[in-house]
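What follows draws every value from the coordinates through simple rules; no lab data is involved. Bear in mind that the values here come from a model prediction, so they are computed numbers and not experimental data.
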Amino acid sequence: CVSERWRGRLSLRNCGAPPVVFRLVFRTLFLGSQAVLAVLMLGGDGDVLLNLQALAGAVGYTALTYFLPLLFGWALLPKVGSASRLFYFLSFALCGLLMVVGIYFTAGRLLDTAGGLGAEVDCTIDAIEYTADACHAALGNALGNAN
């Protein structure tokens, strides 16, 4: 439970604000944070949201399906022989490795797609067509000039 002193601070009553002000500030901040998260997740033509979903699957699905049942069985069920313990340990290590690999590759894709908020990146460097003109090096023939 929260003490009365903290309840007064968090609800802005110590500042003399009525409860309606607290509700307005709290709900506005909550709605604003949700709108910012929605804009960030929809960046990259929706790829950010898909990669966040894949990241949640890499953690949650792997944990709940594979290694948490092994861990709970290991901790809660009666002790087994050394061959079974070795099998459980190898299974646990393999499932943990599977989760780490899933997180690694999904996080890499997430970082790649989170670079822009639009469907395409306006300026990418094309190292093959590098010239002294920085715009031409970045945009290639999109400018219409053939330097």
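A few notes on this one:
- Added length on full extension, which subtracts the Cα-Cα distance from 0.36 nm per residue, Arg5 to Thr28: 5.9 nm
- Range of Cα positions in the stretch 46-114 per principal axis (Å), largest first: 49, 16, 10
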